[in-house]
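**Student:** Questions regarding the structure given below will be posed in turn.
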Amino acid sequence: MPRVTHPTLIFALSESGELGGRIAATAGGELAALEERRFERGEFKLRPLVSVRDRDVVVIQTLAAGEGSPIADRLVRLLFLLCGLRDAGADRRIACVPYLAYARKDRRTQPRDPVNTRYVAELLEAAGLDKLIALDVHNPAALDNAFRVPVDHLSALPMLSAHFAQRLAGRSLAVASPDVGGIKRAQLFREQLTRHTGADVTMAFIEKRRVGGAVSGEALVGEVSGRVVIVIDDLCSTGGTLVRAALACRRAGAAEVFAAVTHAPMSDGLDVLVAESALTGVVTTDSVGEDFRARVASAAGRLEVLSIAPLFGEALRRMTAGEPLAPLLTHWPLR
């Protein structure tokens, strides 16, 4: 007798409830009911309120710290829910993690260094993870090597390039990486921006050295004079790296400088960027699940936040329909 297939169930933990609801709606569904109870001393209970037996389930949880919600707590809650869904008979368990914490420590650079990306992968797989969907992880190659289950690595670069192509139409543009490690990301962004604009977009990068926690190096390689420069990075933590890059571009004669980052897991870093006079504006996404409305309103037009809900929603729709995700990695419609 052929097996009956059912629509994928989508759950979102409360920390990611607003973002998860938008992703589910964009995917053409809604969030499934989930009981979440908190007990004394940080303990909790998570229970799906609908049957998950023989169903494919998606769990949405971004792993950026929030008010009263540390990263470790969010990770443990994700692990426990995956375990509970496995025990309740779910067929496939898919974690949709827009911001994957601990991914910056992805290799050993000195004796006895941890490899946190691999440890997170082992924990998720032990909890019953069958597939991961993540966004602009710091080192995609390390992500692929860390996980033994399939990983779909989405990128906000097509969305960001479409945004700037429309906003800066007709201007002379340059793309800059704030360090040597981000050159590949900047090259991909430049290619997509060139495709959208049909113009000659130049490329640059800024020297950066880190020794004992101290950052140095200010040399800029590339042509930015008289151009509008977009400094592209995957992450803004304190904002220091992007500010250094913006100042270097200004000294080299850039007409304007914008910062574009996928993740802003620390709001203090965004505040630093918005306050920096060397930057014309800052564009980021809501991958960390924070409600940015108040911060955008107070930034007087210097901060724009693009929603990743359409990207993840379309990825889930394509996954359910058996369609390839590859087009999402290079193209995003101009609006």
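**Student:** Go through the residues of the range 172-194 one by one and say whether even a single one is β-branched (V, I, T) and over 28 Å from R107 (Cα atoms).
**Tutor:** Filtering the range 172-194 down to residues β-branched (V, I, T) leaves 175, 180, 183, 194.
This time we only want the ones that are over 28 Å from R107 (Cα atoms), so: 194.
Yes; the residues of the range 172-194 include at least one that is β-branched (V, I, T) and over 28 Å from R107 (Cα atoms).
**Student:** Quick one: A142 ticks every box in (1) modelled with pLDDT of 95 or more; (2) in contact with an Asp or Glu (Cβ under 8 Å, 6 or more places away or on another chain); (3) among the aliphatic types (A, V, I, L, M); (4) not in a loop (DSSP other than H, G, I, E, B) bar one, so which box is it?
**Tutor:** (1)
**Student:** Just to verify a result, which residue in the range 283-303, among those that are touching a residue at least 40 places away in the same chain (Cβ under 8 Å) and aliphatic (A, V, I, L, M), is surrounded by the fewest Cβ atoms within 10 Å (Cβ to Cβ)? Before you say what the answer is, go through the steps one by one.
**Tutor:** Our first condition is that a residue be touching a residue at least 40 places away in the same chain (Cβ under 8 Å); within the range 283-303, this holds for 283-291.
Those still in the list that are aliphatic (A, V, I, L, M) too: 283, 288.
On the way: V283: 21, V288: 24.
The extreme case among them is V283.
**Student:** Can you pull out the residues in the range 31-76 that are among the charged types (D, E, K, R) and surrounded by 12 or more Cβ atoms within 10 Å (Cβ to Cβ)? Lay out the reasoning, then the answer.
**Tutor:** Restricting attention to the range 31-76, the residues satisfying the condition of being among the charged types (D, E, K, R) are 35-38, 40-41, 43, 45, 47, 53-56, 67, 73-74.
Within the range 31-76, E36, R47, D54, R55, D56, D73, R74 meet the criteria.
**Student:** Among the residues of the range 275-290, which ones are at negative phi and either of a type in the set (S, T, Y) or not in a strand (DSSP E or B) (or both)?
**Tutor:** Passing the criteria: A275, E276, S277, A278, L279, T280, T284, T285, D286, S287, V288, E290.
**Student:** When you check A275 against the structure, is it free of Cβ contacts under 8 Å to residues at least 12 places away in the same chain and either closer than 17 Å to V229 by Cβ or surrounded by fewer than 16 Cβ atoms within 10 Å (Cβ to Cβ) (or both), yes or no?
**Tutor:** On the way: free of Cβ contacts under 8 Å to residues at least 12 places away in the same chain: yes; either closer than 17 Å to V229 by Cβ or surrounded by fewer than 16 Cβ atoms within 10 Å (Cβ to Cβ) (or both): yes.
So A275 fits the description; yes.
One line per residue, one yes/no per condition, for (1) surrounded by fewer than 17 Cβ atoms within 10 Å (Cβ to Cβ); (2) under 23 Å from I308 (Cα atoms); (3) of a type in the set (G, A, S):
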residue: S161; (1), (2), (3): no, yes, yes
residue: V175; (1), (2), (3): no, yes, no
residue: R185; (1), (2), (3): no, yes, no
residue: F189; (1), (2), (3): no, yes, no
residue: Q192; (1), (2), (3): no, yes, no
residue: V201; (1), (2), (3): no, no, no
residue: K208; (1), (2), (3): no, no, no
residue: G222; (1), (2), (3): no, no, yes
residue: D233; (1), (2), (3): no, yes, no
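**Student:** Could you say which residue among D54, D73 is in contact with an Asp or Glu (Cβ under 8 Å, 6 or more places away or on another chain) and not in a strand (DSSP E or B)? It would help to see each step written out before you state the result.
**Tutor:** On the way: D73 fails: in contact with an Asp or Glu (Cβ under 8 Å, 6 or more places away or on another chain).
Within the list D54, D73, the selection yields D54.
A quick yes/no check of all residues on (1) in contact with a Ser or Thr (Cβ under 8 Å, 6 or more places away or on another chain); (2) hydrophobic (A, V, I, L, M, F, W, C); (3) modelled with pLDDT under 95:
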position	(1), (2), (3)
P2	no, no, yes
I10	no, yes, no
R41	no, no, yes
T62	yes, no, no
R74	yes, no, no
L81	no, yes, no
L85	no, yes, no
A90	no, yes, no
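**Student:** Sticking with this structure for a sec: V59 fails exactly one of the following numbered conditions: (1) part of a helix (DSSP H, G or I); (2) touching a strand residue (DSSP E or B) at 6+ places or on another chain (Cβ under 7 Å); (3) farther than 17 Å from L311 by Cβ; (4) in contact (Cβ under 8 Å) with a residue 40 or more places away in the chain. What is the number of that condition?
**Tutor:** For V59, the failing item is (1).
**Student:** Say whether the condition of being touching a residue at least 60 places away in the same chain (Cβ under 8 Å), of a type in the set (V, I, T) and more than 18 Å from L19 (Cβ to Cβ) is met by at least one residue in the range 321-331. Break it down stepwise before answering.
**Tutor:** Step one: list which residues in the range 321-331 are touching a residue at least 60 places away in the same chain (Cβ under 8 Å), which gives 325, 328-331.
Right, trim to of a type in the set (V, I, T) and you get 330.
Restricting the remaining residues to those that are more than 18 Å from L19 (Cβ to Cβ) gives 330.
Yes, the range 321-331 contains a residue that is touching a residue at least 60 places away in the same chain (Cβ under 8 Å), of a type in the set (V, I, T) and more than 18 Å from L19 (Cβ to Cβ).
**Student:** Something else about it: Residues in the range 124-143: is at least one free of Cβ contacts under 8 Å to residues at least 24 places away in the same chain and buried (at least 16 other Cβ atoms within 10 Å of the Cβ)?
**Tutor:** yes
**Student:** Across the range 77-110, which residue is surrounded by the most Cβ atoms within 10 Å (Cβ to Cβ) among those that are assigned to a helix (DSSP H, G or I) and charged (D, E, K, R)? Talk me through it step by step, then tell me what you get.
**Tutor:** Narrowing the range 77-110 to residues assigned to a helix (DSSP H, G or I): 77-87.
Narrowing the set further to residues that are charged (D, E, K, R) leaves 77, 86-87.
Working: R77: 19, R86: 17, D87: 10.
In this case the residue turns out to be R77.
**Student:** Among the listed residues A321, A275, A297, identify the single one that is outside the structural domain of Q192 (by TED's automatic domain parsing) and more than 17 Å from P178 (Cα to Cα).
**Tutor:** From the options A321, A275, A297, the qualifying one is A321.
The values are calculated or read from the model by the stated rules, or taken from the named source; none is laboratory data. Everything quoted here is computed from the prediction, not taken from an experiment. Backbone-built Cβ (ideal geometry, glycine too); neighbour counts: all protein chains shown.
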